[in-house]
Every structure is written in structure tokens, then in C-alpha cells.
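Data block below; observations after.
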Amino acid sequence: MIEERQLTLIMENKPGALVRVVGLFHQRGYNIESLHVEPINNFKPYKFIEDELNTKFSEGEISRLEIKTTVDDPLMRQILRQINKLIDVIAVSGNEGTYLKGVLRDENLL
Amino acid sequence: MKLAGNDILIQSLIEEGVEYIFGYPGGASLHIYDAIFNQKEMQHILVRHEQGATHAADGYARATGKPGVVMLTSGPGATNAITGIATAFMDSIPMIVISGQVQSHLIGTDAFQETDMIGVSRPIVKHSFTVDHQSNIAKIIKEAFYIATSGRQGPVVIDVPKDLTNPVDLFEYKYPSEVNIRSYNPPIEPEDSQIDRAIEAMINSKQPVIYAGGGTISSNASKELFELNSYINAPITNTLMGLGVYPASNKNFLGMLGMHGTYQANMAMHNADLIIAIGARFDDRITNTPEKFAPNAQIIHFDVDHSSVSKIIEADIAVFGQVKNSLQAINSKLKLRSSEINDSNLDAWRKQIEQWKEMHGLDHDLYKNNSDDGPILPQAVVQHIYHASNGDAFVTSDVGQHQMFAAQYYHFDEPRKWINSGGLGTMGFGLPAAMGVKLAYPDEEVICITGEGSIQMCIQELSTCTQYKLPIKIFNINNLALGMVKQWQDMNYDGRHSSISYEDSLPDFSKLVESYGHVGIKITKNSQLKAGIEEAMSIKDKLVFVDIYVDPNEHVYPMLVAPDGSLKDMWLGKGEKT
Ligand SMILES: Cc1ncc(C[n+]2csc(CCOP(=O)(O)OP(=O)(O)O)c2C)c(N)n1
Ligand SMILES: [Mg+2]
């Protein structure tokens, strides 16, 4: 079913990281309807990621990115998988589930 | 230890075990080249064009499994390498590309020889880095090698502003012993439940086919693949990228599949009840029309890349992990359940495949005809090369009809011996790739099967071969035209040959190569073919270029019928369809 969906990403706040995500949409012919990005300062909601990755986030290190796009289910799955491949992406959620540590979990954790 | 940026960069490469750097110097990389001059562990190979450097590094990587290393200057040096980086990216080849950049304070000012290399290369790299400080160089190199060689492999670009390699400022240097990138976790071990489902499907199948591709070679899993098939004894086909991963001389081998695959391989795929895809990605040259692909088959897909699975063909059972680890996992379980496999279940299937092969299989004895009544057949040329090299040479190729004939008629029994640009289809790849292979394996026979169109795209590297004494054998299958384009024009454009010939402007290749100090042999008649090829193979200390004039009207068959065809729809000869 084609409908508007939201993708949420947690990624390293490194130079070029955002443009890799946006570039991927263009390269693969997906459309972006809206995009919002901001640095994360409150790490509480992401404690489970810190635990999973055995790491501690510090100020200015990671960003949260929200993208809205209108696609069907198989394309949504493909987009999630392509984004999951970007080296600087820590986790990505769509309505199918969440990729974290390269593994797909069946719920939207972000 | 305190070192300058240029020395940190070079020492880090030495720490990674790099033997060869393929490159070309310029203003932005002068400091780096000074550091190269001051060491003895690595050899720098000076190519004649940066595209040649990337293909040579790529050939080295494909043959050895180790990443190839390329050194570029900024601007035109960097952009000249783009085709070679894209070639490596499409075939998932590990490569480290270091590009000089203008000084940090000049970035963004349209400085002399400034190009945004990170931006230009972004869609065709696995990842890229900009060096921001000397003290990060060692860490970046470590991470770059890790990324390039793990998971689904690929090229990594490192852009280095010139000021950060200056020989004056010194920084503490210690090469990191470990690497951990918290956001990067490529899958390694498969899930048990998927392995069990895959085994169940294999045991129950009556018409299975294994379809193994380049990912099986990248993962160094040919032994594991062989073991798997020692249990299930299934017919097996390889993609263009996978040739050699399973011995071509084995009775289970069906030949290549896809666009120019064998009749029996394509028919087996179309009629299978189970397709076991291993390190392969259902590219459009394989599936033909995806909706018509293998209508009755259940699909098991082994891959390291989630995004390759169910991208084009929906997988019923997906096994994510390094192919080698996944096959080891399945083998250790299959071994215990081998009594559940009834080999005679496949008898009818094997008989059917044998019939297909008898009906329309390739003729591997064309080389036996040495009569001068007809023109030289390009297929026979490859057969002669196969026999004259005892079937165990490294063979690089370019793109076109000659490439397909090489894939169809040279039988590879080992992985990493067939070296060609499958994904991007880059003309010009063959000669520089052969240089990289020959440097890696100086005592092995390295052959380049090319066409007179492709060879001219990187022909300047004949000079590099002289400089470094690389006695490779080049067989130029000369049909006086861009043969593959001509074939499509014959078949789809009523023979309107738009811009595919060079009339009388081809060089005399023998004279050309002789001017570089190489040996040239020209063959125009069938009766000269065997002796000419054997003579070339007998010359061990020189590059030999054999220019072979073949039938200019020959086509490559089988060929899938497109658009709207399935894998069972093939052209079998001129005007002859299944
Ligand atoms: C760089 C590049 N440009 C164009 C093409 C398109 N192309 C594919 S095959 C081919 C003809 C190659 O001619 P030749 O090397 O003589 O091989 P032949 O088909 O004649 O054996 C062309 C132009 C390509 N693959 N690569
Ligand atoms: Mg040609």
C-alpha cells in the first residue's frame, strides 16, 4: 500500500553523514517529502542503544533525523535496508521495525 | 614515536601489509610521494592514467582477496579514477583510494585543482573519510581497511588536504591495534532457525539448483560450497562474477546462467522447485523479466547484505551472515542429517538437464576445425587459449562479445582466476587489471582476453608493463567493430550499424606493441591459430600481444529474449528462438 511513512534515524553527527542519507534517496530514486534533523542532548530515551552498543553518547555526538516519504511496503523495506548500510547510521526505524546493530527488530523503537 | 602527517600515512599503510600502491603523483600529493620515496617496504607502481591505477589495484584485490591501494592527486587525478572506483563498487571489491586535496584553508575557494572528491565519489563508495587532523590519520586508515574488507566489501576513499601531510609538524604516532566502529556491525553468523529451514527445503526438493555468485568468492567460501554440494549433489550454475567458485569440470556444473548463460543453466533455473542463491543478487542480467522468473521455485538466499535480499526476487528463506560462516553452519548440520538425503530423488531432474544440454549445449570442440575455408571463430580462439594454458591461468577480460566468449568457453576450476568487470561493464578494465594480477602472482600465467575496442580504452598501460617488466599475454579478439553493440543493432535495429566501426583507422597492433618493446603476433587464418597461440604462451619473459582477426559477423548465443522474456526464452542462433 502506498502511503506516507516516517523514518527515524539516530546517526553519528559527523561531517557528510546527513548528505549521505539524503544522497541515498536521490540515488535510489526515492522521494523525500519532509526532513527534520537536530542534535540529541537528552540521551535518556536512547539508553537501550547505549547498552546494546556498549557505549556512552556525549554532547554533540549524535543526531536524530526524521524523514517523511510516500512509498509502498516493499520499497519502504528496501529504503530501511539501504539506510541501515550507511556506516554512520546507528539505528533506523520505520513502521516495519528497527535496524539496530545490523539486526532487524519487529518494533519501532525510535 | 613522533612523525609528520605524510609519514604517518605511509607507515599506516605498511602496518596494513600493503605491498603495492598504484598511483600517479601531483601537487596535492607531493608530501605523500616524498614519504613513499623514503621507505622500502612498499613498491609504488606508476601507471599512465589514474583509471589504470584503480583497475590494477582492483585486479590485485580480486586475485588475492586483499584490498588494492590507489594514490591520487587532487582535481583531475581524483576524477580520472572515478570509473575505476565505480567498477570496484559495483562488484564489491575491497579498495583503498587516497586522494590528495588542496590545503585546508583553500577548500571551497575553487583553488587550483580543487574538486570535491568526497562529493563526486559519494554514490560509488562504501564509505569515505576526510582527514581533519594529522593525529587522526592512523585511526582513519585502520577504519578504512576494516570497512573495505568486512561485510559486503567495497572501495573506501580517504581525502587528504595537502597541509595535513606537511613534513614539518610532528605528532605522536602509534598504529591502533584494534578497530571498533559502534555504528557499523556487518552480520557474520547466521540465525539457526533459518539454517534449519534451509536444510528442510534442500532435503525435500526434487528439482534444486544452486546459483552461486561473486559474494561466494569474496567470502572465500568455495571450499564450503563444494562441501555443501557433496551432501546434496545438486546441479549448480555460477553467475559471470561467480565463475570458478565451483569447478567448471565437475559433473554438477551447468555453466554460467543469465543473458548469455547456457541453455541448460537457464532452463534449470526456470524449471527448478528450489533455487539456492549464494552470494548472488538477482541482477537484471540474471532474472530477465522478474515477474516471470522461476515461477515454481522456492528461494533460499544466502547473503551478507540485507538490502540484496528480496530486493528483486522475494526470498522464502533468507540467511544473513558472511557466506562462509553460513555455509559452515549449514554443512555441520547437513553432515549429521545426510542419511535423510535420498540422492535418487534427483535422478529424473538430472536426466532432464542432461537432455537440455544435449539439445542446445555449447560446442566445446570448435577449435578442432583448422580449415582455412571459413573465418576464425572467436569461440574457437578462447578454446585454443584454454588448452594452451592448461586451463589454470588467471584470465582478465574487457567488455563485449569477447568477454562473453571467454566466460562461456574458458572453464575455471578455481575462484579468483576469472577477473572481469561484471557489474559496471567497464571497457578498459582488462589490461590494467592483468597488471595488478601479475604483480601479485609473478610466477603465474596471466592472460587478458580483450577486443580491439576495449583495449584502446587503457592502451597507455602497455608502457607501464614495459617499465615493470610484466610479461602478460594479451589476446585481442579483433572483429573490427564494437561487436556487442553491433549484435544488438543486428537483432533490434534491423542491422543499422550506427557508430560501431572504425573503418581503416585501427593501428597495426603488432607495430604498436613493438614500439613499447613487447612482442606482437598477428593471426588471420585458422591454420595459424593453434601455433600462434602456443608460441605466445611459450614466451615467458615478454609481454606478447596476439592480434587475432575473427569473423566480424559472429554473435554471442544463447541470448535471453528481452523485453518481457523469461529465463526459458532464448535466442539460440541467428533467427533461431526457443
Ligand atoms: C567504457 C564503456 N563504454 C561503452 C560501453 C558499451 N559497450 C559495451 S560492449 C561494447 C563494444 C566493445 O567492443 P570490443 O571491445 O571491440 O568488444 P567486442 O564486443 O567487439 O568483442 C561497448 C561499446 C562499455 N561497456 N564501457
Ligand atoms: Mg570488437
Qualifying strands (runs of 3 or more DSSP E) (wholly inside segment B:119-184; at least 1 residues being within 14 Å of chain A (Cβ to nearest Cβ)): B:127-130, B:155-161
Wholly enclosed helices (runs of 4 or more DSSP H) of segment A:3-110 bearing at least 3 residues in contact with a strand residue (DSSP E or B) (Cβ under 6 Å, 6 or more places away or on another chain) and closer than 26 Å to B:Asp305 by Cβ: A:73-85
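Matching residues to (1) under 17 Å from B:Tyr184 (Cα atoms); (2) within 14 Å of chain B (Cβ to nearest Cβ):
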residue: A:Ser58; (1), (2): no, yes
residue: A:Thr70; (1), (2): no, no
residue: A:Arg77; (1), (2): no, yes
residue: A:Val89; (1), (2): yes, yes
residue: A:Val92; (1), (2): yes, yes
residue: A:Leu100; (1), (2): yes, yes
Odd one out for B:Ser510 among (1) part of a strand (DSSP E or B); (2) more than 26 Å from B:Arg285 (Cβ to Cβ); (3) of a type in the set (S, T, N, Q): (1)
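Filter segment B:1-15 down to residues that are surrounded by 18 or more Cβ atoms within 10 Å (Cβ to Cβ) and in contact with a strand residue (DSSP E or B) (Cβ under 8 Å, 6 or more places away or on another chain), then give me how many there are. Write out each step before concluding.
At the first step, the residues of segment B:1-15 found to be surrounded by 18 or more Cβ atoms within 10 Å (Cβ to Cβ) are B:3-13.
Pick out the ones that are also in contact with a strand residue (DSSP E or B) (Cβ under 8 Å, 6 or more places away or on another chain) and you get B:3-5, B:8-9, B:11, B:13.
Counting residues in segment B:1-15 that are surrounded by 18 or more Cβ atoms within 10 Å (Cβ to Cβ) and in contact with a strand residue (DSSP E or B) (Cβ under 8 Å, 6 or more places away or on another chain) gives 7.
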Search result, residues across segment A:1-20 that are more than 9 Å from every other protein chain (Cβ to nearest Cβ), closer than 18 Å to B:Arg182 by Cα and open to solvent by 10 Å² or more (accessible area, probe 1.4 Å): A:Asn13, A:Lys14, A:Leu18
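Give me the strands (runs of 3 or more DSSP E) completely within segment B:211-323, filtered to those with at least 3 residues that are in contact with a helix residue (DSSP H, G or I) (Cβ under 9 Å, 6 or more places away or on another chain) and more than 14 Å from chain A (Cβ to nearest Cβ), ordered by residue number. Steps first, please.
Values: elements: B:236-238, B:253-256, B:274-278, B:298-303, B:317-320.
So the answer is B:236-238, B:253-256, B:274-278, B:298-303.
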Residue match in segment B:166-180 (condition: more than 22 Å from B:Pro94 (Cα to Cα), open to solvent by less than 30 Å² (accessible area, probe 1.4 Å) and touching a His at 6+ places or on another chain (Cβ under 7 Å)): yes
Inter-residue pairs, beta-carbon under 6 Å, first within 23 Å of B:Ala380 (Cα to Cα) and in segment B:505-524, second open to solvent by 70 Å² or more (accessible area, probe 1.4 Å) and at pLDDT 95 or above, 6+ apart: B:Ser510/B:Lys522; B:Val519/B:Lys542; B:Gly520/B:Glu514
Odd one out for B:Gly483, checked against (1) within 16 Å of ligand 2 (Cβ to nearest atom); (2) open to solvent by 50 Å² or more (accessible area, probe 1.4 Å): (2)
Filter result (of a type in the set (D, E, K, R) and under 14 Å from B:Leu327 (Cβ atoms)) within segment B:225-253: B:Glu227
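Against the definition (within 12 Å of another protein chain (Cβ to nearest Cβ), under 19 Å from A:Leu24 (Cα atoms) and open to solvent by 10 Å² or more (accessible area, probe 1.4 Å)), how does B:Ile107 come out, yes or no?
no
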Residue match in segment B:37-49 (condition: open to solvent by less than 10 Å² (accessible area, probe 1.4 Å), at pLDDT 95 or above, farther than 17 Å from B:Ile141 by Cα and in a strand (DSSP E or B)): yes
Options B:Met559, B:Met484, B:Met570: the member that is more than 16 Å from ligand 1 (Cβ to nearest atom), more than 14 Å from chain A (Cβ to nearest Cβ) and touching a His at 6+ places or on another chain (Cβ under 9 Å): B:Met570
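Determine whether segment B:405-424 contains at least one residue that is among the β-branched types (Val, Ile, Thr), within 13 Å of ligand 1 (Cβ to nearest atom) and either more than 22 Å from B:Phe253 (Cα to Cα) or modelled with pLDDT of 95 or more (or both). Steps first, please.
Looking only at segment B:405-424, we keep the residues that are among the β-branched types (Val, Ile, Thr), and these are B:419.
Checking which are within 13 Å of ligand 1 (Cβ to nearest atom) leaves us with none.
No, the conditions are met nowhere in segment B:405-424.
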Of residues in segment B:77-115 being free of Cβ contacts under 8 Å to residues at least 24 places away in the same chain and out of contact with any Asp or Glu (no Cβ under 9 Å at 6 or more places or on another chain), the one farthest from ligand 1 (Cβ to nearest atom): B:Thr109
Residue tally, condition in a helix (DSSP H, G or I) and either open to solvent by less than 10 Å² (accessible area, probe 1.4 Å) or assigned by TED's automatic domain parsing to the domain that holds B:Lys417 (or both), over segment B:65-80: 2
Subset of segment B:438-477 [open to solvent by 10 Å² or more (accessible area, probe 1.4 Å), more than 16 Å from ligand 1 (Cβ to nearest atom), of a type outside the set (A, V, I, L, M) and at negative phi]: B:Lys438, B:Tyr441, B:Pro442, B:Asp443, B:Glu444, B:Glu445, B:Ser463, B:Thr466, B:Gln467, B:Tyr468, B:Pro471
Count of residues meeting criterion [open to solvent by less than 50 Å² (accessible area, probe 1.4 Å) and over 27 Å from B:Phe302 (Cα atoms)] in segment B:119-152: 11
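To keep it simple, each residue is scored yes or no on (1) more than 16 Å from ligand 1 (Cβ to nearest atom); (2) within 30 Å of B:Gln528 (Cβ to Cβ); (3) modelled with pLDDT under 95.
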| site | (1), (2), (3) |
| --- | --- |
| B:Lys324 | yes, no, no |
| B:Leu334 | yes, no, no |
| B:Arg350 | yes, no, no |
| B:Tyr386 | yes, yes, no |
| B:Phe394 | yes, yes, no |
| B:Gly400 | no, yes, no |
Qualifying residue in segment B:51-64 (condition: within 24 Å of the chain's Cα centre (by Cα), surrounded by fewer than 23 Cβ atoms within 10 Å (Cβ to Cβ) and not assigned by TED's automatic domain parsing to the domain that holds B:Gln460): yes
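Go over the candidates B:Ile300, B:Ile312 one by one and state the one that is closer than 28 Å to B:Ser218 by Cβ and without any contact (Cβ under 8 Å) to a residue 60 or more places away in the chain.
Numbers: B:Ile300 fails: without any contact (Cβ under 8 Å) to a residue 60 or more places away in the chain.
Residue meeting the stated conditions: B:Ile312.
The values are calculated or read from the model by the stated rules, or taken from the named source; none is laboratory data. What you see is a predicted model, and the numbers here were worked out from it, not measured in a lab. Please note: Cβ atoms are built from the backbone with ideal geometry, for glycine as well, and neighbour counts cover all protein chains shown. All accessible areas refer to the heavy atoms of the entire protein, side chains included, with ligands and DNA or RNA removed. Shrake-Rupley method; radii C 1.70, N 1.55, O 1.52, S 1.80 Å.
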